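Q: This is the structure, below, for whatever I ask next.
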Amino acid sequence: MKRRLLISFVILASLLLGASVAMAKDLTLGLKGEPTSLDPHFHNVSQNNQMALYVFDKLILQDSRQKLYPGLAVSWEPVSDTVWEFKLREGVTFHDGTPFTAEDVKYTIERIPNVPNSPSSFSGAVSAVEKVEIVDPLTVRIHTAAPAPLTPRNFASFVIVSKKATEGKGTEDFNSGEAAIGTGPYKLVDWARGDKLVYERNENYWGDKPEWTKITVRPISNDGTRVAALKSGDVDLINFVPPADTKHLKKADNVTVSMSPSTRLIYLHVDSDRDDSPMVFGNDGEKIKNPLKDVRVRKAISKAINREAIAARIMEGLAIPAAQMLPEGYEGTSPNLKAEKYDPKGAKALLAEAGYPEGFRLTIHGPNDRYINDADIAQAIAQMLTKVGIKTEVNTMPKAVYFGKASALEFSLMLVGWATDTGEHSNCVGSLLHTYDKEKGFGSSNRGRYSNPVVDQKLEEALVTVDPEKHNELLIESVEAGMNDLGIVPIHFQVSVWGTKKGLTYNGRTDGYTLPHEIKAQ
């Protein structure tokens with residue numbers, strides 16, 4: 001009898017131990033890049049914003065198709081034309097145990113425009129805010145100088161940080177982990193730059209308990225290395241599956257491929273502001289007055305680009321030629337704008353009309369580790385421009401170097417990407433096309449310093465127009481004014497592709513983010 005009991009006890013202990021091991025699930029992600037900073041308000045770029053959602057939460061969250069739903073705020077409503085009231089979620093704590101309150105919301109909103117040396121800030125999301133009023137610990141009222149109907153959408157673009165953990169601290173304190181204390185599903189354990197980021201599950205998370213106990217993110221910028229890591233089983237998921245590898249990964253026995261349409265726009269920003277642009281020269285190598293200020297030259301550049309060929313050949317069909325900053329179906333999208341047709345003869349005619357029948361010399365700059373096939377796209381565009389007489393050289397570099405230089409206005413023609421934070425066009429126009437205005441938060445990513453009073457006036461009017469139909473009309477007018485003037489030159493929208501080990505599923509998101517709490521075991 002004692003022997004039977006002992007055997008039963010051993011079996012039971014083994015089962016319990018097995019269950020405990022099974023519950024402790026680790027996940028290793030091989031992602032194309034790593035953040036430039038862990039300060040979630042320092043640099044408004046997708047890689048940083050994605051990683052911020054591991055540790056922090058927003059007042060208003062977005063689902064996989066960027067539809068809004070409650071986050072740290074359980075409800076929001078206008079209580080007058082210029083006041084929005086947010087009711088906050090009760091019982092939420094930061095990773096250090098500090099309760100989340102309205103004080104943290106007020107502190108965050110006031111911090112955003114004042115982050116030193118931000119290369120691309122979130123200030124536009126809070127530019128309409130005149131005052132933050134704390135009604136009680138779980139109620140905050142946002143006062144604006146004029147009606148601000150997009151307040152909820154704008155507030156869905158940034159995360160909330162802890163006043164207690166971050167007051168008096170800077171970006172370097174987030175990067176060290178000292179200030180990286182949020183309310184999100186995971187806690188930061190370690191960031192070894194260039195090697196890995198490690199997170200552990202927040203056992204006190206207010207939302208659904210994450211499935212994974214430990215997350216290791218390995219930044220793998222090389223496409224071939226990333227794919228090889230998935231196939232060998234070194235990582236459980238990769239993002240930015242290269243178009244050339246998508247077909248054969250679909251046939252692999254141990255891999256599942258998922259795709260999602262994306263709001264990620266690949267485009268050219270053009271220095272349309274300065275007379276003396278740094279990377280533009282005459283054919284003899286001498287400096288010339290900047291031809292990119294002439295809309296006919298910008299139009300020639302657009303006509304010289306064969307978008308269909310880039311989508312079909314370089315992107316292996318995983319791209320959609322773009323006419324504006326968002327695909328069809330999103331708020332503010334114009335039905336009148338169509339992707340520019342490849343027209344090299346028309347491009348040459350426009351150059352001649354603008355006074356450059358023999359063209360000129362130019363350098364295109366871009367990252368080589370940020371977007372799908374970014375360096376190849378830059379090379380292809382350079383060849384296309386050279387064919388119409390704009391003799392174009394290519395200079396690509398790691399994104400960690402590139403974005404700082406681009407924001408310092410060191411380039412004349414830049415390959416860049418943009419994915420809307422808010423799921424509508426005002427975010428794009430306000431950041432990329434509106435005249436640069438640091439104080440008001442406009443043009444925060446306008447690296448070409450494009451300026452058009454019609455774009456500005458229509459956008460600013462839309463931002464204070466409460467009637468949805470009129471708001472959308474004004475937004476479309478602003479978009480059309482900027483795109484017809486080629487404030488930026490749109491190329492295509494990416495189709496995002498992920499690869500996972502068999503047994504895992506990831507449905508993908510239109511913002512392209514890879515969020516571990518949305519990765520499921522089958």
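The values are calculated or read from the model by the stated rules, or taken from the named source; none is laboratory data. Remember, it's a predicted structure, so these values are computed and weren't measured experimentally. Here the Cβ is made from the backbone with ideal geometry for all residues, glycine too, and neighbour counts use every protein chain on show. The protein model used for the area step is the full one, side chains on, heavy atoms only, and it has no ligands, DNA or RNA in it. Shrake-Rupley method; radii C 1.70, N 1.55, O 1.52, S 1.80 Å.
Q: Considering only segment 369-394, state which residues are within 16 Å of GLN494 (Cβ to Cβ) and either open to solvent by less than 10 Å² (accessible area, probe 1.4 Å) or assigned to a loop (DSSP other than H, G, I, E, B) (or both).
A: Answer for segment 369-394, where residues must be within 16 Å of GLN494 (Cβ to Cβ) and either open to solvent by less than 10 Å² (accessible area, probe 1.4 Å) or assigned to a loop (DSSP other than H, G, I, E, B) (or both): ASP369, ARG370, TYR371, ILE372, ASN373, ASP374, ILE377, ALA378, ILE381.
Q: Could you identify the single residue in GLY430, GLY417, GLY404 that is assigned to a helix (DSSP H, G or I), open to solvent by less than 20 Å² (accessible area, probe 1.4 Å) and not hydroxyl-bearing (Ser, Thr, Tyr)?
A: Of GLY430, GLY417, GLY404, the one residue that is assigned to a helix (DSSP H, G or I), open to solvent by less than 20 Å² (accessible area, probe 1.4 Å) and not hydroxyl-bearing (Ser, Thr, Tyr) is GLY430.
Q: Quick one: count up the residues across segment 323-361 that are among the small types (Gly, Ala, Ser) and part of a loop (DSSP other than H, G, I, E, B).
A: Count: 8.
Q: Right, here's the next one. Looking only at segment 58-72, which residues are within 18 Å of PHE86 (Cα to Cα), surrounded by fewer than 20 Cβ atoms within 10 Å (Cβ to Cβ) and either modelled with pLDDT of 95 or more or among the polar types (S, T, N, Q) (or both)?
A: Scanning segment 58-72 gives LEU61, TYR69, PRO70.
Q: Scan segment 131-154 for residues that are open to solvent by 30 Å² or more (accessible area, probe 1.4 Å) and modelled with pLDDT of 95 or more and report the count.
A: Residues in segment 131-154 being open to solvent by 30 Å² or more (accessible area, probe 1.4 Å) and modelled with pLDDT of 95 or more: 9 in total.
Q: Hey, LEU463 hits all of (1) open to solvent by 10 Å² or more (accessible area, probe 1.4 Å); (2) at pLDDT 95 or above; (3) touching a helix residue (DSSP H, G or I) at 6+ places or on another chain (Cβ under 8 Å) but one; which does it fall short on?
A: For LEU463, the exception is condition (2).
Q: What are the residue pairs meeting all of these: first residue in segment 462-478, first residue over 15 Å from ASN452 (Cβ atoms), second residue assigned to a helix (DSSP H, G or I) and open to solvent by 70 Å² or more (accessible area, probe 1.4 Å), Cβ atoms under 8 Å, and 6 or more apart or on different chains?
A: Taking only residues 6 or more apart or on different chains, not a single pair turns up.
Q: Related question: Could you figure out which of (1) of a type in the set (Lys, Arg); (2) within 26 Å of PRO261 (Cβ to Cβ); (3) crowded, with 21+ Cβ neighbours inside 10 Å isn't true of LYS502?
A: (3)
Q: Then there is this: Across segment 34-69, what is the total count of residues that are over 14 Å from the mean Cα position of the chain (by Cα) and assigned to a helix (DSSP H, G or I)?
A: 2
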